[in-house]
1. For region 120-170, just the Cα atoms, rotate onto the principal axes and tell me the three extents in Å, largest first.
2. May I ask you to derive the FRET efficiency for ARG132 and GLN94 from their Cβ-Cβ distance with R0 = 30 Å, giving the value to the nearest 0.05?
3. Find the eigenvalues of the gyration tensor of the Cα atoms of region 60-175, then list the square roots of 5 times those eigenvalues as equivalent ellipsoid semi-axes, largest first, in whole angstrom.
4. Note down the Stokes-Einstein diffusion coefficient of region 67-120 in µm²/s, whole number, using a Kirkwood radius over alpha carbon pairs, 25 °C, and 0.890 mPa s.
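A short reminder: the numbers here are calculations on the coordinates, not readings from a lab. None of the values given here were measured: they were computed from a predicted structure. Every residue, glycine as well, gets a Cβ built from its backbone with ideal geometry; the counts of neighbours run over all protein chains shown.
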Amino acid sequence: MSILIILPAPGEASGELAMASGDPRPFFSAVPGGAPPVVPQQHPVVIRAESEPVGPSPKNWSSSAESDARIEAISRSVTMGALEVLAGVRPLQQLARWLDFEEFERLQLRTNLVRGRGQDRLHRNVRILRVRVCPVSEGIYEVAVAAAETNRVRAVALRLEQRRGLWKVTALEIG
């Protein structure tokens, strides 16, 4: 059951709305902030369910074990490299082949912010614990990686897309 909230338009008297609809005149009390009060409608509105999913759905597509293993290896390498870049033990330029330009800039900005704190080697002994590969569609994968550092475990999410025959990381989120 849904409820539709009807608010009077600015400058419109609430009595005119009640008279036009035949309903009893609503009682409006003062609302903090000068906002108009909420008046529930007595007749529920029927919401139509969506019949077709939006966008094309790849019903006949499934990923192969070879491509899943390749994506897992790329994800492990990129995650390890990104965490080492944040630690200051690897140059960011080594990830330029794998990262999209926007993600390269974001990682560069984050690295500069971390290094500006003046701490030495924030991330030591990075170890990949688990990699989950999820094929989205042909040429697009999303991957979740759990990486353990000396004092904590971090989650890393990647989106890999195939562009001109090369795999590029188009989204990289390091938690």
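1. Computed over region 120-170, the largest-to-smallest principal extents equal 39, 21, 12 Å.
2. Values: r = 25 Å, r/R0 = 0.83.
Efficiency, from the Cβ-Cβ distance: 0.75.
3. 26, 16, 10
4. Roughly 209 µm²/s, to the nearest whole number.
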